[in-house]
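> Mind looking over this structure? Questions follow.
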Amino acid sequence: MAIKFEQVNFEYPSFDGTNFSALKDINLEIAEKGEFITLIGETGSGKSTLVQHMNALIRPTTGSVTIYGIKIEKDTKKKGKVKLNPLRQRVGLVFQFPEYQLFEETVLKDIIFGPKNFGVKESVAIERAKQVIKHVGLDEEYLKRSPFNLSGGEKKRVSIAGILAMEPDILVLDEPTSGLDPKGRDDLLKLFMGIHNDLNKTVIIITHDMNTVYKYASRVLVMNEGHLVYDGLPQELFSKENIKSWNLDIPDIITITRQLEDKLDVNFDSQPHTIQELFELVKEVI
Amino acid sequence: MKNIIIGQYLPGTSFLYKMDPRSKIIALMILMISTFILKDVTHILIMLGVVLLILKIGGIPIVRIARGLKPIMILLLFTFTFQIIFIKTGNLIFDTELTLTVFTLPLMIFIILFWYLTRRYIKFKFLYLLITAFGILTMLSLYTPGSVLSSSTLEVYGDGLSGAFFIMVRLIIIVTLSTILTLTTKPTDLNLGLEKILKPLSIIRINAEEIAMIISIALRYIPTLLDEANKIMLAQASRGVDFTEGKFKDKVMQIISLLVPMFIISFKRSDDLANAMEARSFVPGKRRTRLHTLSWHNLDTTVIVFCIFIFISAITVRVMF
Amino acid sequence: MNIIEIKDLSFSYQDEVDALSNVTLSVKKGEWVSVLGHNGSGKSTLSKLIIGLLKADSGEIKVDGVILNEESVHDIRRKIGIVFQNPDNQFVGVTVEDDIAFGMENLCFEQSDIVDKIKEYAEKVSMSEYLKKEPHALSGGQKQRVAIAGILAMKTDIIIFDEATSMLDPKGRESIMNYIKEINKAGVTVITITHDMKEAVLSDRIIILKEGRVIACGDTNDILNDKETLNSSNLELLLPLKLQYLLDEANLSNDKVKDILWQLSLNK
């Protein structure tokens, strides 16, 4: 098991003494390879706080997170014996806004910044940069450009390249597709599927888009008011009764299928995942 | 969400909270000037009494004031020492020979080193410093084995002692007064009060309203910026930046990796904000009405009259005695 | 009557390709128009031009019969309100009530009037309990609602929503869309700028922008039937529409299915 949460609680301290409890009794296990996980839940439900525990950026108030065999608890002090950097190299976390991390003059320098911090030689890091820039669907020519003159979608790709160049085993992305148009979103999701399939890495994505969840995820985690309320298959999630109380949408394809079943008074044999599949089913009944 | 409070506003209901921020600022200034007029220890002690009375009636816990005094402790200590050492008038109260020997020199260095290494674990840091300093002085004056390296006399004179005491009390009064203002006035009210008081400065082309608008936007965005700085630090920490350690060269890089994103985001933000303000018909320098207006009550007049009374008394005692 | 008329409008940012070229369109009083386009299609540039935050290279913008120029820009801004994309970057006030007041203060409303209107419009967007709250205690959707209240209080004839929902979660998005519906029903002309066809179908009319040009403009129903234009627009087609197209291609027609899919497309 790559990451294991045991009874994790987390509170944000506040000046007036009333601490805000962001995570409540989280138990969770994440495998090193082969998972494509989406993490969903409304704003403020604790999604970002949860993923920041995964590479020890923050430590639980009570309970423990074990990352690659190293136990992180409240008093696991930064200056103690535990070195956190090796963990951060293995669990790569991409923040929501690329503006939070891009700072170098050129895309190349920005991409090799991470690897160099983890002790990778510059020449090796540059080789990696040339590889990952292609991986995120940009031309090698981009390496010479300034990261600040890129479009929103390109910045996002560069920020992901910067994390990929660290060669993490698990890639965690906080709302990677927010603010992008549908085409930009689909391109990025295909990219993540590519990383997941070709490099056999576990990918965890925070998203609000239920179509993404239904189409791509092999496992879905739902957060609600600090609790992990669902951990399982996306298909089962959307047939659950309490999905509305978690303020989640229903994927479009399911809505259409249900409407058709309801109004045409039929029952399709299977639950379609793509519009093509639905088309085949509809063809049968008319 | 995290709760970030700017300033040190302490909610309350006493008369200090009912006052208009303008009268509070003016009263504060009158009392400060009065304090500076006084030149005698007895008078300044009476003034301290008045300030303590204000605290008592205003219902402000002394602990909060002490917390406000903390940052200036070192300054207080420095002026106190300075006064005692350099003022050599009045009657001699106390004198002692301070002797540095081959034996006490390393001992002194050892004590200082010990203090330096242990101070972070001690709760009352300031008291610890005082005790250490006092310990060294006692050792130098009483314990003199070995051959003498150098020696000097420490003399404390009456005027030095009273002067040191006087300056300390005066500093405490000034800090207490300004702490009362910030504890009982919200930053936004303070801003509004300052704007109104500075309004006459438009004669010399200083636009108080614009300054107030800048301060108010700063107040609005400081929590956002702090939150953002925190997120940037986490994002860079994810890329292996350890903000807690590193050599000087690494430190420079760490700071750049934090500052550049901060600046870029802030530029974008100020651009957006300027657009949003303009779109809502904001024109710099044009007359605006205001949601918040200040109202002057009898309480304010009473307090100001009281402060003027103190001011006149201060002038009187200064001239008469 | 057209409240906005735009003729041959062109604009380019410094030494770059045209962000907008020869855009001509009009908006009728009281209607709800969507400007739909992919990222970089020039749709946000258009909104900034309409309220005079950017100056066009050529062409003309008329608002309520008045041509936009340096003299008229302030009068025109009194008629148009705009809710921007980023909830945090348009919140001017230190508290909710301060932010709602900001526009009214600029327009020199009487102080007592400002106080009344804050109450009235905070109520309209269900933010009455939050008047004294500071922005960092609010969600993105709540901040956008405050922005809406501030603009409603200014009594503008037109409100532009410039991707106002794109940074919100589904719940926030839904609530903002509901307020937009209400505002339009109350007689305010609404322009929503979006890349989301699901949002666009709620409006009366759709204008599609692609690479700075208007490629389609018409009633929502007509636009949804215009398969060729939609396919060439770089936009994501609505799933029910996609299914309908598939059925059409296979020459399978069933009126009942068609009707169900149509209703779903219109998001009803």
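The values are calculated or read from the model by the stated rules, or taken from the named source; none is laboratory data. Given the structure is predicted, the values throughout are model-derived calculations rather than measurements. Here Cβ is always computed from backbone atoms with ideal geometry, including for glycine, and neighbour counts include all displayed protein chains. To get the accessible areas, we keep the full protein, side chains included, count just its heavy atoms, and leave off ligands, DNA and RNA. Shrake-Rupley method; radii C 1.70, N 1.55, O 1.52, S 1.80 Å.
> Is the range C:222-233 home to any residue that is facing chain A (nearest Cβ under 8 Å), crowded, with 20+ Cβ neighbours inside 10 Å and in contact (Cβ under 8 Å) with a residue 12 or more places away in the chain?
Within the range C:222-233, not a single residue is facing chain A (nearest Cβ under 8 Å), crowded, with 20+ Cβ neighbours inside 10 Å and in contact (Cβ under 8 Å) with a residue 12 or more places away in the chain.
> If I ask for residues that are assigned to a strand (DSSP E or B) and either touching a helix residue (DSSP H, G or I) at 6+ places or on another chain (Cβ under 8 Å) or closer than 18 Å to B:A235 by Cβ (or both), which ones from the range A:45-71 would you list?
Residues satisfying the conditions are A:V65, A:I67, A:I70.
Listed here are the residues, each with its yes/no results for (1) in contact with a helix residue (DSSP H, G or I) (Cβ under 8 Å, 6 or more places away or on another chain); (2) in a helix (DSSP H, G or I); (3) open to solvent by 10 Å² or more (accessible area, probe 1.4 Å).
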| site | (1), (2), (3) |
| --- | --- |
| C:K143 | yes, yes, yes |
| C:K171 | yes, yes, yes |
| C:N178 | no, yes, yes |
| C:L235 | yes, no, yes |
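> Can you pull out the residues in the range C:196-206 that are open to solvent by 60 Å² or more (accessible area, probe 1.4 Å) and more than 10 Å from every other protein chain (Cβ to nearest Cβ)?
The answer is C:D204, and nothing else.
> Across the range B:263-287, what is the number of residues that are under 34 Å from the mean Cα position of the chain (by Cα), closer than 27 Å to B:P21 by Cβ and at the interface with chain C (Cβ under 7 Å from one of its Cβ atoms)?
Residues meeting the conditions: 1.
A quick yes/no check of all residues on (1) in a loop (DSSP other than H, G, I, E, B); (2) more than 25 Å from A:L189 (Cβ to Cβ); (3) modelled with pLDDT of 90 or more:
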residue: A:E11; (1), (2), (3): no, yes, yes
residue: A:F15; (1), (2), (3): yes, yes, no
residue: A:K33; (1), (2), (3): yes, no, no
residue: A:T38; (1), (2), (3): no, no, yes
residue: A:D75; (1), (2), (3): yes, yes, no
residue: A:K79; (1), (2), (3): yes, yes, no
residue: A:K83; (1), (2), (3): yes, yes, no
residue: A:L87; (1), (2), (3): no, yes, yes
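> In this structure, does B:T316 turn out to be assigned to a helix (DSSP H, G or I) and more than 10 Å from every other protein chain (Cβ to nearest Cβ)? Step through it out loud before you land on a result.
Values: assigned to a helix (DSSP H, G or I): yes; more than 10 Å from every other protein chain (Cβ to nearest Cβ): yes.
So B:T316 fits the description; yes.
Per-residue answers, yes or no, for (1) more than 29 Å from A:K244 (Cβ to Cβ); (2) part of a loop (DSSP other than H, G, I, E, B); (3) open to solvent by 10 Å² or more (accessible area, probe 1.4 Å); (4) not small (G, A, S):
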residue	(1), (2), (3), (4)
C:A149	no, no, no, no
C:I160	yes, no, no, yes
C:K181	no, no, yes, yes
C:G187	yes, yes, yes, no
C:I208	yes, no, no, yes
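> Quick one: is B:V63 within 18 Å of the chain's Cα centre (by Cα) and open to solvent by 60 Å² or more (accessible area, probe 1.4 Å)? Walk me through it before giving the result.
Values: within 18 Å of the chain's Cα centre (by Cα): yes; open to solvent by 60 Å² or more (accessible area, probe 1.4 Å): yes.
Taking the combined requirement at face value, the residue satisfies it.
> Determine, yes or no, whether C:S253 is within 13 Å of another protein chain (Cβ to nearest Cβ) and within 21 Å of C:I6 (Cβ to Cβ). Before the answer, list the steps.
Numbers: within 13 Å of another protein chain (Cβ to nearest Cβ): yes; within 21 Å of C:I6 (Cβ to Cβ): no.
Criteria not met by C:S253.
> Within the range A:122-138, does at least one residue satisfy the condition of being of a type outside the set (A, V, I, L, M), part of a helix (DSSP H, G or I) and within 8 Å of chain B (Cβ to nearest Cβ)?
no
> While we're here: Being open to solvent by 20 Å² or more (accessible area, probe 1.4 Å), hydrophobic (A, V, I, L, M, F, W, C) and not assigned by TED's automatic domain parsing to the domain that holds B:D20 is true for just one of B:A274, B:A279, B:A237. Which residue is that?
B:A274
> Let me ask something else. For the range C:69-88, which positions are open to solvent by 40 Å² or more (accessible area, probe 1.4 Å) and more than 9 Å from chain B (Cβ to nearest Cβ)?
Within the range C:69-88, C:N69, C:E70, C:E71, C:D75, C:K79 qualify.
> Only one of (1) within 14 Å of chain A (Cβ to nearest Cβ); (2) assigned to a helix (DSSP H, G or I); (3) among the polar types (S, T, N, Q) fails for B:T244. Which number is that?
Of (1) within 14 Å of chain A (Cβ to nearest Cβ); (2) assigned to a helix (DSSP H, G or I); (3) among the polar types (S, T, N, Q), only one is false for B:T244: (2).
> Could you list, in sequence order, all residues of the range A:188-209 that are in a helix (DSSP H, G or I) and open to solvent by 10 Å² or more (accessible area, probe 1.4 Å)?
A:K190, A:L191, A:M193, A:G194, A:H196, A:N197, A:D198
> Of the numbered conditions (1) at the interface with chain B (Cβ under 9 Å from one of its Cβ atoms); (2) surrounded by 24 or more Cβ atoms within 10 Å (Cβ to Cβ), A:D110 fails exactly one; give the number of that condition.
(1)
> Do we find a residue being open to solvent by less than 10 Å² (accessible area, probe 1.4 Å) and more than 10 Å from every other protein chain (Cβ to nearest Cβ) anywhere in the range C:104-118?
So in the range C:104-118, the residues open to solvent by less than 10 Å² (accessible area, probe 1.4 Å) come out as C:104, C:106, C:114, C:118.
Narrowing further to those that are more than 10 Å from every other protein chain (Cβ to nearest Cβ): none.
Scanning the range C:104-118 turns up no residue that is open to solvent by less than 10 Å² (accessible area, probe 1.4 Å) and more than 10 Å from every other protein chain (Cβ to nearest Cβ).
> Now, a different point. Any chance the range B:283-301 includes a residue that's part of a helix (DSSP H, G or I), polar (S, T, N, Q) and either more than 17 Å from B:T42 (Cα to Cα) or in contact with a strand residue (DSSP E or B) (Cβ under 7 Å, 6 or more places away or on another chain) (or both)?
Yes: the range B:283-301 contains one or more residues that are part of a helix (DSSP H, G or I), polar (S, T, N, Q) and either more than 17 Å from B:T42 (Cα to Cα) or in contact with a strand residue (DSSP E or B) (Cβ under 7 Å, 6 or more places away or on another chain) (or both).
> While we're on this one: Here is a list of conditions, (1) modelled with pLDDT of 90 or more; (2) β-branched (V, I, T); (3) open to solvent by 50 Å² or more (accessible area, probe 1.4 Å), and B:I222 meets all of them except one; can you say which number that is?
Every condition holds for B:I222 apart from (1).
> Just checking, how many residues over the range A:158-187 are closer than 20 Å to C:L239 by Cβ, crowded, with 19+ Cβ neighbours inside 10 Å and more than 10 Å from every other protein chain (Cβ to nearest Cβ)?
Matching residues across the range A:158-187 total 1.
> Taking strands (runs of 3 or more DSSP E) that do not extend beyond the range C:1-79, which have at least 1 residues that are in contact with a strand residue (DSSP E or B) (Cβ under 8 Å, 6 or more places away or on another chain), among the polar types (S, T, N, Q) and over 21 Å from C:N234 (Cβ atoms)?
C:2-11, C:20-28, C:58-63
> So is C:S44 loosely packed, with under 15 Cβ neighbours inside 10 Å and either more than 28 Å from A:G152 (Cβ to Cβ) or at pLDDT below 95 (or both) or not?
Working: loosely packed, with under 15 Cβ neighbours inside 10 Å: no; either more than 28 Å from A:G152 (Cβ to Cβ) or at pLDDT below 95 (or both): yes.
Taking the combined requirement at face value, the residue does not satisfy it.
Conditions (1) at negative phi; (2) more than 14 Å from chain C (Cβ to nearest Cβ); (3) open to solvent by 80 Å² or more (accessible area, probe 1.4 Å), marked per residue:
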| position | (1), (2), (3) |
| --- | --- |
| A:G226 | no, yes, no |
| A:W246 | yes, no, no |
| A:Q271 | yes, yes, yes |
| A:V285 | yes, no, no |
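> Please tell me if B:K247 is open to solvent by 70 Å² or more (accessible area, probe 1.4 Å) and modelled with pLDDT under 90.
The answer is yes for B:K247.
> Give the residue, chosen from A:K33, A:K24, A:K74, that is surrounded by 14 or more Cβ atoms within 10 Å (Cβ to Cβ), of a type in the set (D, E, K, R) and either out of contact with any Asp or Glu (no Cβ under 7 Å at 6 or more places or on another chain) or farther than 20 Å from A:L237 by Cα (or both).
Exactly one residue qualifies, and that residue is A:K24.
> Right, next: What number of residues in the range B:204-227 are touching a helix residue (DSSP H, G or I) at 6+ places or on another chain (Cβ under 6 Å) and either assigned to a loop (DSSP other than H, G, I, E, B) or within 12 Å of chain A (Cβ to nearest Cβ) (or both)?
Adding up the residues that qualify gives 1.
> Continuing with this model, one more query. Within the range B:145-156, does at least one residue satisfy the condition of being more than 30 Å from A:Q96 (Cα to Cα) and surrounded by 15 or more Cβ atoms within 10 Å (Cβ to Cβ)?
Yes.
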